[in-house]
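The values are calculated or read from the model by the stated rules, or taken from the named source; none is laboratory data. This structure is a prediction, so every number in the text was calculated from the model and none was measured. All Cβ positions, even for glycine, are placed from backbone atoms using ideal geometry, and neighbour counts span all protein chains on display. Only protein heavy atoms, including side chains, enter the accessible area calculation; ligands, DNA and RNA are left aside. Shrake-Rupley method; radii C 1.70, N 1.55, O 1.52, S 1.80 Å.
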Amino acid sequence: MSEADSTQAGTQSGQIVQVTVEKHGEAAVLAVSGDIDMVTAPEFEKALMAALRDRPERLVVDLSGVDFLGSAGLTALVAAHQEAGERTSLRVVAESNATARPLQLTGLDQEITVCRNRPEALAD
């Protein structure tokens, strides 16, 4: 079973990113939807850091609902990867080209485990 908390950040320009946090045993899942750009990335990073404060065994960042992943979003993932260190396994779900391609082009897929779907990311 999982329990979920949801936050939504909007801006004056109408851009919105929504983050839902779910617990799956010792893992935490951040389900993200919307665009992650320089306007919305601070809220995305805040949600990542809040999830890491609980020191889950695994943190899955599910980007399945993300339509755009900009450099500010990639920077937030790098910060989360560094914060996770050895204590938390960080995994990213990137199903579409909108999310997988930026991770590949920047080489982040070599540093952070990238999975095709949530069940793969939650598997041991």
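So here's what we get for this one:
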| item | result |
| --- | --- |
| Separation in nanometres of the label points that stand 7 Å from Cα toward Cβ, at SER96 and GLU26 | 3.4 |
| Loop trypsin sites (Lys or Arg not before Pro), segment 13-98, which have at most 10 other Cβ atoms in a 10 Å radius of their Cβ (DSSP) | ARG87 |
| Amide H partners (placed H, <5 Å) of GLY65, local residues excluded | VAL32 |
| Accessible area of the chain belonging to carbon and sulfur atoms, whole % at 1.4 Å probe | 46 |
| Centre separation in Å (Cα based) which lies between segment 66-94 and segment 17-41 | 11 |
| Residue-averaged 222 nm ellipticity for the chain, from DSSP H runs of 4+ at -39500 (n - 2.57), nearest 500 | -10000 deg cm²/dmol |
| Rounded to 5, percent antiparallel among DSSP beta bridges of the chain | 45 |
